[in-house]
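Contents: one structure, followed by commentary.
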2 protein chains.
Amino acid sequence: MISQTPQAPYYAVIFTSIRTAGDDGYGDMAAEMGKLAAGQEGYLGVESARNEIGITVSYWTSLEAIKNWKAVSRHRLAQQYGQQKWYQSYKVRICLVERDYEF
Amino acid sequence: MISQTPQAPYYAVIFTSIRTAGDDGYGDMAAEMGKLAAGQEGYLGVESARNEIGITVSYWTSLEAIKNWKAVSRHRLAQQYGQQKWYQSYKVRICLVERDYEF
């Protein structure tokens, strides 16, 4: 679903990744992280799609909110497993959304 | 593929969309736009994935480069067809990438 974010400015985290083969607990953890993120202060929404690469964009009110989410202990464990098991490679981009429009 | 963008800051355009049913010339135009964008001044790369929603993130050196790409006549035609035929809805977010890191 396309996130109904508030009027800009707000923040986006673009997470682009290439998975390893197999699930190995990834699906369950991804679902758990989706719920956990949605409960965080400053969370505005998430959009996600995957074919050859996966792109997950999460939206936040502030850099502070992004930093806090990165530090949540269960999320830190997920990041650790991500590097050990689930991702061949990924890139994270922290962005200020300056303007948006829709159709 | 994950785009090998230069050191931040640079710009990202997050294009999130929901397609209509059927192809109706969409695939050909998408391929053509991919090539055309890649030849634009200030283009840095693109990442794209689609399941229920599609997310295409293109990267640019400046707001000027983004504005110029939006105004390319063949791209304007694609935008018009997009609203007439290919997309139920979409959202475009213009972002300043402030920081990035990778694994």
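Remark on B:E98: its backbone amide H falls under 5 Å from those of A:I94, A:C95, A:L96, a criterion applied only to residues 5 or more positions apart or on other chains, H modelled at 1.01 Å from N.
Surface exposure of the protein assembly as shown, expressed per residue as accessible area with a 1.4 Å probe, stands at 52 Å².
Leaving out ligands, DNA and RNA, and with a 1.4 Å probe, what % of the accessible surface on chain B is carbon or sulfur? Intermediate results must be reported in sequence, preceding the final value.
Numbers: 2760 of 5410 Å².
The C+S portion of the solvent-accessible surface of chain B is 51 percent.
When accessible surface is computed with a 1.4 Å probe, chains B and A are found to bury approximately 3800 Å² between them, both chains counted.
For B:K67, the lysines whose Cα falls under 17 Å of its own Cα, not counting residues fewer than eight places away in the same chain, are B:K91.
Simple point charges give the picture: +1 on the Cβ of Lys and Arg, -1 on the Cβ of Asp and Glu, and for the protein assembly as shown a dipole about the Cα centre of about 180 debye.
Shielding by partners for peptide B:96-102, expressed as the average number of C-beta atoms from other protein chains within 10 Å of each residue's C-beta, is 6. With its label point put 7 Å out from Cα toward Cβ, A:Q40 sits 3.0 nm from the same residue's point in the other copies, in order from shortest. For the stretch B:1-60, the list of trypsin sites (Lys or Arg not before Pro) that fall in a loop by DSSP and count at most 11 other C-beta atoms within 10 angstrom is empty. Other chains near A:49-62: what is the mean number of their Cβ atoms within 10 Å of each residue's Cβ? Per-residue shielding by partner chains comes out at 4. The dipole here belongs to the stretch B:10-97: it is taken about the Cα centre, uses +1 on the Cβ of Lys and Arg and -1 on the Cβ of Asp and Glu, and is about 240 debye.
Taking the protein assembly as shown on its own, what percent of its Cα-Cα pair distances exceed 28 Å? Don't jump to the answer; show the numbers that get you there.
Values: 5332 of 21115 pairs.
So the portion of pairs separated by more than 28 Å is 25 percent.
Excluding same-chain neighbours fewer than eight residues apart, the aspartates and glutamates reachable from A:K35 by a Cα-Cα span under 20 Å are A:D23, A:D24, A:E47, A:E64, B:E52.
Here B:P9 yields copy-to-copy label distances, from shortest upward, of 0.8 nm, the label point defined as 7 Å from Cα along Cα to C-beta. Centre-to-centre separation between the Cα atoms of the stretch A:8-38 and those of the stretch B:12-80: 24 Å.
Of all complete DSSP H helices in chain A, not one has a Cα span along the helix axis of 20 Å or greater and a mean Kyte-Doolittle hydropathy of 1.6 or more. Our helix-only sum for chain B, with -39,500 (n - 2.57) per DSSP H run of n ≥ 4 divided by its residues, gives a mean residue ellipticity at 222 nm of -9000 deg cm²/dmol.
Above 16 angstrom, tally the Cα pairs of the stretch A:10-97 and express them as a % of all pairs, no decimals. Mind showing how you got there, number by number?
Numbers: 2027 of 3828 pairs.
I get 53 percent for the Cα pairs in the stretch A:10-97 exceeding 16 Å.
Of the GluC sites (Glu not before Pro) found in the stretch A:1-58, those that fall in a DSSP loop while having at most 16 other beta-carbon atoms within 10 Å are A:E41, A:E52.
The values are calculated or read from the model by the stated rules, or taken from the named source; none is laboratory data. This is a predicted model, so every value here is computed, not measured. Note: ideal-geometry Cβ built from the backbone for every residue, glycine included; neighbour counts use all protein chains shown. We work out accessible area using only protein heavy atoms, side chains counted, and drop any ligands, DNA or RNA first. Shrake-Rupley method; radii C 1.70, N 1.55, O 1.52, S 1.80 Å.
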